[in-house]
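Notes follow once the structure below has been shown.
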Amino acid sequence: MDLNLLSAEEATQLNELITSSEHIVITGHSRPDGDALGACLAWAEYLRVHYGKEPMLIVPNGFPDFLQWLPLSERIVRFDKHPDVVQRAFDEANLVFCIDYNALNRVEAMEEVLTNCQAPRVMLDHHLDPTIPAVIAVSHPEMSSSSEVVFRIVWQLGGFEDLTKKFAVPIYCGMMTDTGGFTFNSTRPEIYFIICQLLTKHIDKDKIYRNVFNNYSQWAIRLRGYLMSQKLNVFEDLHASYYTLTRQNIRDFHYMRGDGEGLVNEPLRIKGMKVSIALREDDRVDNKVWVSLRSVDDFSVEEMAKKFFNGGGHFNASGGQLDCSIEEAEQITREAIKFYAPQLKG
């Protein structure tokens with residue numbers, strides 16, 4: 001099975017860049033998810049084992065508690081906590097990897113530091129319409145995840161054999177989380193070939209699933225039940241739904257980052273449902289609402305996210321943000337659903 005993503009010239013150039021670089025920085029996007037962390041951690045492990053490098057792994061801000069068990073995640077440096085350390089790392093960098101994001105603004109507050117860094121950039125990603133200036137841009141929107149992209153490159157370069165669970169676990173976690181437990185964007189046979197190879201490293205895929213999806217506090221479970229029973233708005237004739245998570249809800253249920261992970265998929269279990277939208281009011285910034293969108297079959301929430309929510313992503317899984325009140329966000333959401341009524345009804 002052909003897993004190659006790089007041309008011969010790109011493979012040679014990438015090897016030369018890594019070999020000649022003493023200070024390597026690996027970066028993921030803001031509010032990193034399982035795929036961003038998985039791909040970054042796995043790539044760092046590959047550079048350590050195969051090249052003897054000690055890359056610095058930097059993310060703009062915090063990530064969910066249910067991902068803090070990932071191997072070597074304790075080495076991750078957060079820009080919002082250690083801006084001086086991050087600035088120094090970028091000043092000294094010979095090479096920067098941009099993993100699981102397609103535009104510099106995806107690192108939000110860290111954008112200026114990253115943009116001003118003079119080191120060459122390599123992008124490893126699976127999002128549409130990449131704009132990051134990079135000497136090598138490995139961009140494959142058809143891939144399940146950036147973790148799949150990382151695996152394929154390592155496999156092509158002959159580095160997989162010497163790697164251990166420290167590489168395989170984050171790769172599997174990233175692929176699993178970005179496909180909703182392999183329930184969407186995961187029908188290609190290459191994905192399951194990769195899983196077979198990861199299993200040869202003696203990973204416990206069932207435990208990885210439990211660590212991610214069965215690792216909530218009682219308050220998180222109560223919140224999820226409350227949102228589905230009291231906050232879910234269903235438009236049965238349009239096969240669409242949305243729910244809101246307000247600041248008051250966040251306080252009442254002791255919300256922690258990640259407590260709502262995957263919940264946007266839940267309404268899609270309703271018979272005939274095509275689209276699910278989640279609106280979360282920022283608990284610190286006024287008039288900021290984060291939007292998650294999911295769909296099934298042939299309806300594109302990526303198009304909806306671009307048109308109504310200042311976002312984008314993938315055909316069946318996208319995100320965005322609105323600079324308005326939660327009430328105004330609800331109105332925009334209703335307008336978005338009505339706008340696509342002909343397609344949703346069909």
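The values are calculated or read from the model by the stated rules, or taken from the named source; none is laboratory data. Note that the structure is a prediction, hence the values are computed from the model and not measured. We place every Cβ from the backbone using ideal geometry, glycine too, and count neighbours over all the protein chains shown. Just so you know, the surface numbers come from the protein's heavy atoms only, side chains and all, with ligands and any DNA or RNA stripped out. Shrake-Rupley method; radii C 1.70, N 1.55, O 1.52, S 1.80 Å.
A single entry from Ala109, Ala134 fulfils the requirement of being more than 16 Å from the chain's Cα centre (by Cα), in a helix (DSSP H, G or I) and more than 21 Å from Asn211 (Cα to Cα): Ala109.
Being modelled with pLDDT of 95 or more and of a type in the set (D, E, K, R) is the requirement here; does Glu108 meet it? Judged against the criteria, Glu108 is not a match.
For Leu268, state whether it is buried (at least 21 other Cβ atoms within 10 Å of the Cβ) and modelled with pLDDT of 95 or more. For Leu268, the condition - buried (at least 21 other Cβ atoms within 10 Å of the Cβ) and modelled with pLDDT of 95 or more - is not met.
Among the helices (runs of 4 or more DSSP H) confined to region 179-263, the ones with at least 3 residues that are of a type outside the set (Ser, Thr, Tyr) and open to solvent by 80 Å² or more (accessible area, probe 1.4 Å) are located at 205-213, 218-226.
Of all residues in region 121-150, exactly one satisfies the criterion of being touching a residue at least 40 places away in the same chain (Cβ under 8 Å), among the hydroxyl-bearing types (Ser, Thr, Tyr) and within 21 Å of Ala93 (Cβ to Cβ), namely Ser146.
Just one of the listed residues (Val285, Val296, Val291) is surrounded by fewer than 21 Cβ atoms within 10 Å (Cβ to Cβ) and either touching a helix residue (DSSP H, G or I) at 6+ places or on another chain (Cβ under 9 Å) or modelled with pLDDT of 95 or more (or both), namely Val296. Under the condition of being part of a helix (DSSP H, G or I) and open to solvent by 80 Å² or more (accessible area, probe 1.4 Å), the residues counted in region 73-97 number 6. Taking the conditions (1) farther than 20 Å from Leu17 by Cβ; (2) open to solvent by 30 Å² or more (accessible area, probe 1.4 Å); (3) of a type in the set (Gly, Ala, Ser) in turn, Gly158 satisfies each one other than (1).
Per-residue answers, yes or no, for (1) small (Gly, Ala, Ser); (2) at pLDDT 95 or above; (3) under 21 Å from Thr12 (Cα atoms):
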| residue | (1), (2), (3) |
| --- | --- |
| His127 | no, no, no |
| Ala134 | yes, yes, yes |
| Ser139 | yes, yes, yes |
| Ser145 | yes, yes, no |
| Val150 | no, yes, yes |
| Glu161 | no, yes, yes |
| Thr164 | no, yes, no |
| Val169 | no, yes, no |
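In summary, Pro170 fulfils each of the numbered conditions (1) of a type outside the set (Val, Ile, Thr); (2) open to solvent by 80 Å² or more (accessible area, probe 1.4 Å); (3) touching a residue at least 60 places away in the same chain (Cβ under 8 Å) with the single exception of condition (2).
When residues in region 230-252 are screened for being under 22 Å from Gly272 (Cβ atoms), of a type in the set (D, E, K, R) and under 25 Å from the mean Cα position of the chain (by Cα), 0 of them pass. What about Pro64, is it of a type outside the set (Phe, Trp, Tyr), modelled with pLDDT of 95 or more, surrounded by 14 or more Cβ atoms within 10 Å (Cβ to Cβ) and closer than 19 Å to Asp35 by Cα? Spelling it out, it is not the case that Pro64 is of a type outside the set (Phe, Trp, Tyr), modelled with pLDDT of 95 or more, surrounded by 14 or more Cβ atoms within 10 Å (Cβ to Cβ) and closer than 19 Å to Asp35 by Cα. Free of Cβ contacts under 8 Å to residues at least 24 places away in the same chain, crowded, with 16+ Cβ neighbours inside 10 Å and among the basic types (Lys, Arg): is that true of Arg48 in this structure? The answer is yes for Arg48.
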